[in-house]
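Everything on this sheet refers to the single structure shown next.
The values are calculated or read from the model by the stated rules, or taken from the named source; none is laboratory data. Since this is a predicted model, take the numbers as computed values, not measurements. No Cβ is skipped: glycine too gets one built from the backbone with ideal geometry, and neighbour counts run over all protein chains shown.
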Amino acid sequence: ASYDMGGHDTYMHKEIHEQADAVDRVLRGRIDDRFSTVHLGGLNLDAREARQIRRVKILGCGTSYHAGMIGAQMIEELARIPADAEPASEFRYRNAVVDPDTLYIAVSQSGETYDVLAAVQELKRKGARVLGVVNVVGSAIAREADGGVYVHAGPEVCVVSTKCFTNTTVAFALLALHLGRTRDLSVRDGKRIIEGLRKLPEQINEILKQEEEIKELAEAYAEARSMLFIGRVRGYPVAREASLKLKEVSYIHAEAYPASELKHGPLALIEPALPTVAIVPDDDLLEKNRAALEEIKARSGKILAVAHQHQEKADQTVIVPKNEDELDPILMGIPLQLLAYHTAKALGRDIDKPRNLAKSVTVE
Ligand code: AGP
């Protein structure tokens, strides 16, 4: 595929900068202010059916799996349905119990990832209800699913997913809000989430304005042989995705860990040569996260914080605008897309086509 590059040197850079527009698109026409909910035309799930869901299981691979982790947290928080995400590739092979009261959701940018498609087919064979959260309209997974939410990120060409990740998390926020409002989410909370969603495009542009500073940070960190990414609860999937981005595009080894697990092992790795990127949202875990930064600082570890306010223990802080707590993960990964991009650029990597990778993995 070849699309207009609009002055960008790579599709990755172009797609990172398209995110405000992309988010605008996934929201467009779906918000219902009158009832503080959203309309998702393709869901094929009425309110009565929605109320009968006992669990939600989200399946995807790579970046889509990480978006699914964020989606599971949103569904659990807003709709109070137990939810979790699992790599589709693992799910397929563990002879999982398929439960009729569970709603299964397959997540995929391309809609063609074989492991996800095979999981969907297996689920359908066993009578499960499967929704798709898919970007490419009319793709195999979209066709196979009983219904779903299109992500509307637009064409994504770079092998490394950026705008589709962000839009997928927004699509999950819409789904979580919708499910929440058919269950126990109040009108007031519905309104609060809708207001938060509307702020996203502008907040994304605010983040992207910091590109020059992030570029300088990337150039400094490009010498690292390995990096640690930490976060907890809402911050953890963000850390996972940021770590994958860096690995894929810069080939620097990176590992993501829940900040709460540091003391159970990874703390042994901390030294000046292993920088840590910490996701530090201003939510009820702020003090806990600060304590983790202190632990790292005490061992002379370098820290780059992505936070809503300046972090004293960090060597640098990239400030992200605050949204509603539940929606914060949508924004917190965006500066780290830029970090991965500029690190890869400093190292002269093949940004749009990293070695050994394909845009969609349509074989086993
Ligand atoms: C994303 O940066 C990766 N290249 C990869 O993990 C990707 O997300 C995964 O292969 C799933 O693809 P899909 O979303 O098209 O199903």
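Quick check: is even one residue across region 66-83 within 13 Å of the ligand (Cβ to nearest atom), buried (at least 24 other Cβ atoms within 10 Å of the Cβ) and not in a helix (DSSP H, G or I)?
The answer is no, given that none of the residues of region 66-83 is within 13 Å of the ligand (Cβ to nearest atom), buried (at least 24 other Cβ atoms within 10 Å of the Cβ) and not in a helix (DSSP H, G or I).
In the set LYS313, LYS345, which member is away from the ligand (no atom under 15 Å from the Cβ) and not in a loop (DSSP other than H, G, I, E, B)?
After ruling out the rest, the residue left standing is LYS345.
Is it fair to say VAL116 is modelled with pLDDT of 95 or more, part of a helix (DSSP H, G or I) and within 11 Å of the ligand (Cβ to nearest atom)?
So VAL116 fits the description; yes.
Only residues that are in a loop (DSSP other than H, G, I, E, B) and more than 9 Å from the ligand (Cβ to nearest atom): list them for region 147-165, please.
Of everything in region 147-165, those that are in a loop (DSSP other than H, G, I, E, B) and more than 9 Å from the ligand (Cβ to nearest atom) turn out to be VAL151, HIS152, ALA153, GLY154, PRO155, VAL157.
For region 92-113, how many residues meet the condition of being within 20 Å of PHE165 (Cβ to Cβ) and either in contact (Cβ under 8 Å) with a residue 40 or more places away in the chain or more than 10 Å from the ligand (Cβ to nearest atom) (or both)?
8
Taking ILE334 as the residue in question, decide whether it is within 17 Å of ALA239 (Cα to Cα), over 20 Å from the mean Cα position of the chain (by Cα) and within 16 Å of the ligand (Cβ to nearest atom).
When the stated conditions are applied, ILE334 does not pass them.
Only residues that are away from the ligand (no atom under 16 Å from the Cβ), farther than 21 Å from LYS288 by Cβ and of a type outside the set (D, E, K, R): list them for region 211-266, please.
ILE214, LEU217, ALA218, ALA220, TYR221, ALA222, ALA224, SER226, MET227, HIS253
May I ask you to list the residues in region 190-214 that are more than 17 Å from LEU179 (Cβ to Cβ) and of a type in the set (A, V, I, L, M)?
LEU200, ILE204, ILE207, LEU208, ILE214
Out of all the residues in region 123-135, is one or more within 11 Å of the ligand (Cβ to nearest atom), touching a Leu at 6+ places or on another chain (Cβ under 8 Å) and assigned to a helix (DSSP H, G or I)?
no
Checking the condition in contact with a helix residue (DSSP H, G or I) (Cβ under 6 Å, 6 or more places away or on another chain) and of a type in the set (A, V, I, L, M), which residue from VAL249, VAL233 passes?
VAL249
Considering only region 330-348, how many residues are surrounded by fewer than 19 Cβ atoms within 10 Å (Cβ to Cβ) and on the phi < 0 side of the Ramachandran plot?
Residues meeting the conditions: 2.
So, LEU327, is that one within 16 Å of the ligand (Cβ to nearest atom), modelled with pLDDT of 95 or more and crowded, with 22+ Cβ neighbours inside 10 Å or not?
Taking the combined requirement at face value, the residue does not satisfy it.
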